[in-house]
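Trainee: Structure below; questions to follow.
What follows is calculated from the coordinates using simple rules that are stated; it is not laboratory data. Model, not experiment: these values are computed from the prediction. With ideal geometry, Cβ positions are generated from the backbone for all residues, glycine too; neighbour counts draw on all protein chains shown.
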Amino acid sequence: MEWMYFTAAFIVFFFFSGIRIVRPTHRGLIERFGKYLRSGQPGFNWIIPMAENMYLINVTEQMVNAESQEIITNDNLNASVDAQIYFRVKSDEVSVRNCVYNVQNYQYQIVNLARTTLRNIIGTMTLKTANSERGKINSELQTILRRETGEWGIDIVRAELKEIDPPKDVQETMNKVVKAENEKIAAVDYATACETAADGTKRAEIKKAEGIKQARILDAQGEAEAIQLVNEAAERYFVGNAQLLRRLEMVEKSLMNNTKIVVPAGSDLVNVVGELAGVLPLKKANG
């Protein structure tokens with residue numbers, strides 16, 4: 001009985017010792033006595049203890065830092081360059097096997113390959129060009145890494161430059177140049193704005209002067225027309241009548257002031273008053 005219990009306990013221990021659980025983010029690589037046997041899929045897997053081993057491979061997207069390095073650009077400047085490489089191991093069985101058997105420590109290899117590739121790319125460019133064409137450098141770096149790692153079972157997702165920093169003295173000079181260019185642009189913009197404002201003021205003054213001139217012309221025309229109308233009315237309706245009215249007013253004032261009038265003998269009073277007013281005397285009726 002004891003032998004049976006021992007055997008049963010050994011079998012249970014042996015079974016549980018071979019259980020391997022693989023997460024969805026990983027794939028398993030199972031070897032038997034050092035030789036590839038099969039791949040372990042996500043979920044429950046069982047291997048023979050001591051005879052078989054399972055190695056877990058991460059198939060999610062990962063990032064490695066290419067580390068900062070000094071690169072001499074085409075214009076003989078030392079630039080500090082740093083980059084990040086994003087990659088993932090393909091989840092199919094062949095790719096999982098290749099990332100282990102075709103390359104030793106693929107993460108370390110990717111870092112060194114990226115550093116070498118960056119030296120080759122940026123070494124043919126000036127510092128200014130390298131800073132202005134980061135997208136082109138990223139694309140070229142990704143293309144080369146994909147080609148070189150094609151048999152490693154790895155997919156290079158993207159490559160990104162973190163920094164391209166020139167020496168401190170060069171950086172200070174570049175900052176001064178950029179500042180001077182910005183100040184120049186600001187000065188030109190200010191001068192253009194002032195010129196535009198001056199043109200606007202000038203046009204406004206011209207419009208104002210034209211308006212005043214036109215108003216004066218209209219006023220003068222109105223006055224001339226009014227005078228003309230008065231003259232026409234006077235010539236038409238008041239020639240003679242106006243003179244008669246004036247004379248009558250003079251007679252009225254004379255009489256009001258008790259002016260003495262000498263009436264010749266045999267004269268008609270009405271005719272005398274008419275003569276004072278400048279009116280022709282009334283003719284006597286015959287007979």
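Trainee: Around Gln69, under 14 Å between beta carbons, what's the net of Lys plus Arg minus Asp minus Glu among the other residues?
Mentor: -2
Trainee: Is region 2-58 best put as rounded, prolate or oblate by its Cα gyration tensor, with a ≥ b ≥ c the root eigenvalues, rounded for a/c under 1.5, and otherwise prolate when a/b is larger than b/c, oblate when not? Provide the component values of the computation, followed by the final result.
Mentor: Numbers: a/c = 4.45, a/b = 1.98, b/c = 2.24.
Oblate, because a/c is 1.5 or more while a/b does not exceed b/c.
Trainee: In whole Hz, with x marking every Gly and Pro, tabulate ³J(HN,Hα) for region 17-29 from phi via Karplus 6.51 cos²θ - 1.76 cosθ + 1.60, θ = phi - 60°.
Mentor: 5, x, 6, 9, 10, 10, 6, x, 7, 10, 10, x, 10
Trainee: What is the calculated FRET efficiency for Asn53 to Thr143, with r their C-beta to C-beta distance and R₀ = 30 Å, to the nearest 0.05?
Mentor: 0.25
Trainee: Moving on to the next point. Which FRET efficiency value, to the nearest 0.05, do you get for Ile72 and Ala187 by plugging their Cβ-Cβ distance into 1/(1 + (r/R0)^6) with R0 = 41 Å?
Mentor: 0.65
Trainee: Could you give log10 I(q)/I(0) at q = 0.12, 0.18, 0.19 Å⁻¹ for region 1-160, computed by the Debye formula over C-alpha point scatterers of equal weight, without solvent?
Mentor: At q = 0.12, 0.18, 0.19 Å⁻¹ the computed log10 ratios are -0.64, -1.02, -1.08.
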